[in-house]
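Values in this text are rule-based calculations from the coordinates and carry no lab data. Here the structure is a predicted model, which is why all the values come from computation and not from measurement. With ideal geometry, Cβ positions are generated from the backbone for all residues, glycine too; neighbour counts draw on all protein chains shown.
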Amino acid sequence: MTQQDKGSVELVIAPQEKDLGEFTVRRVLPAPERRMVGSFIFFDHMGPAEFPPGMGIQVRPHPHIGIATVTYLFEGQIMHRDSLGFVQAIECGAVNLMTTGRGMVHSERAGDDLDEVSRLHGIQSWMALPDHEEEREPAFQHYPAVDLPDIDVNGVNVRVIIGEAYGHTSPVHAYSSTLYLECLMPEGTELTLPDQYQELGAYIVSGSVAIDDQAFGEGVMAVAREGAAMTLAARENSRVMVVGGEPLGERHIYWNFVSSSRERIEQAKSDWREGKFDMVPGEHEFIPLPD
């Protein structure tokens, strides 16, 4: 992670690699010097990974509080099951919005491609909820890929996952001012990011882009200086995810629990140890609280 001295980029975050057993992820947020960008408090780049037949992601039931989650896939499929009884495949370009509020449990397992060679590649993100929404009732909403605005901006294909950009608004519910974009940039194209959001970060999934004539390659996030207009210029065919929004204030994070209150985190830990969360119907295993 490096601080920038001038220009539109304030900070460059290099992710930490985390071994999850089945595959490795690159964790961008939270980072030591920047825990959040807007409401985004967790941002993992998963894969690309290839699994032989009979193998795939198998994340046992585990709890969350205080966040809304989105797993956005470029390749592959993940089967979501939760304590509200929803069973929904996460598919490329679609959005499963899981709002955990006061508490929710879910599992993430291989999809219907388990019996063949399969690939998995995508972004898993958590958005902290505003103070007045942290203890709301849990909820789940599915938005097919076809429902998300898919627009051309100066030759760049922009998918508006959450929020409003370039005159188009996503149907995905946002609990605070939030922006989440997928940008496919052919070599030689430029894209100036929306300026109505206080905090913005651009994560390069693949390829290379220039910002202020400085090159940024795959696997880094460039965080914009507040009030600066950040323009991306593709040096090669590139995929960039843009995240941001209004800051929510300090959040505490422990394992899968996020809250503005340390005491609430401790309560969630106790509740999980004591089996007080509603569990996923039909699932008989779970991930214990870490020591």
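Things to note:
- Applying the Kirkwood pairwise sum to the alpha-carbon positions of region 2-273 produces a hydrodynamic radius of 18.9 angstrom.
- Our note on the geometry: Cα centres of region 220-263 and region 131-146, 20 Å apart.
- Multiplying the residue separation of A14 and Q141 by 0.36 nm and subtracting their alpha-carbon distance yields 42.5 nm.
- Cα lying deepest toward the dipole's positive end in region 182-283, options L232, S208, S261, charges on Cβ: S261
- Computed label-point distance, nm, for sites E116 and H132 using a 7 Å Cα→Cβ extension: 4.9
- Summed residue charge, Cβ within 12 Å of A174's Cβ, Lys/Arg positive, Asp/Glu negative: -3
- At q = 0.12, 0.15, 0.17 Å⁻¹, base-10 log of I(q)/I(0) for region 87-159 (Debye sum, equal scatterers on each alpha carbon): -0.49, -0.73, -0.88
- With the simple spin-label model, which puts each label point 7 Å out from Cα in the Cβ direction, the Q58 to N154 separation comes to 4.9 nm.
- Region 1-153 - Kirkwood radius from inverse mean 1/r over Cα pairs (Å): 16.8
- Taking the charge dipole of the chain about its Cα centre, with +1 at Lys and Arg Cβ atoms and -1 at Asp and Glu Cβ atoms, the residue from F42, V70, L191 reaching farthest to the positive side is F42.
- Between 0 and 90°, nearest 10: helix 262-273 axis offset from the chain longest Cα axis: 50
- Nearest-20 debye value, region 47-108 charge dipole, Cβ charges on Lys, Arg, Asp, Glu: 300
- Ordering of 62-72, 24-34 by burial proxy (mean other Cβ atoms within 10 Å per residue, highest first): 62-72, 24-34
- Calculated FRET efficiency, D213 to N237, Cβ-Cβ distance, R0 = 22 Å: about 0.65 to the nearest 0.05.
- Contact order normalised by residue count of the chain, Cα under 8 Å, 6+ apart, percent: 21
- Loop-located GluC sites (Glu not before Pro) in region 246-291, at most 12 other Cβ atoms within 10 Å (DSSP): E250, E274, E285
- Packing order of peptides 146-152, 126-132, 169-175, 159-165, highest average first: 159-165, 126-132, 169-175, 146-152 (average count of other Cβ atoms within 10 Å over each peptide's residues).
- Cα centre as origin, Lys/Arg/Asp/Glu Cβ charges: the chain dipole, Debye: 480
- Taking the helices alone, the chain has a mean residue ellipticity at 222 nm of -1500 deg cm²/dmol, built from -39,500 (n - 2.57) per DSSP H run of at least 4 residues and averaged over all its residues.
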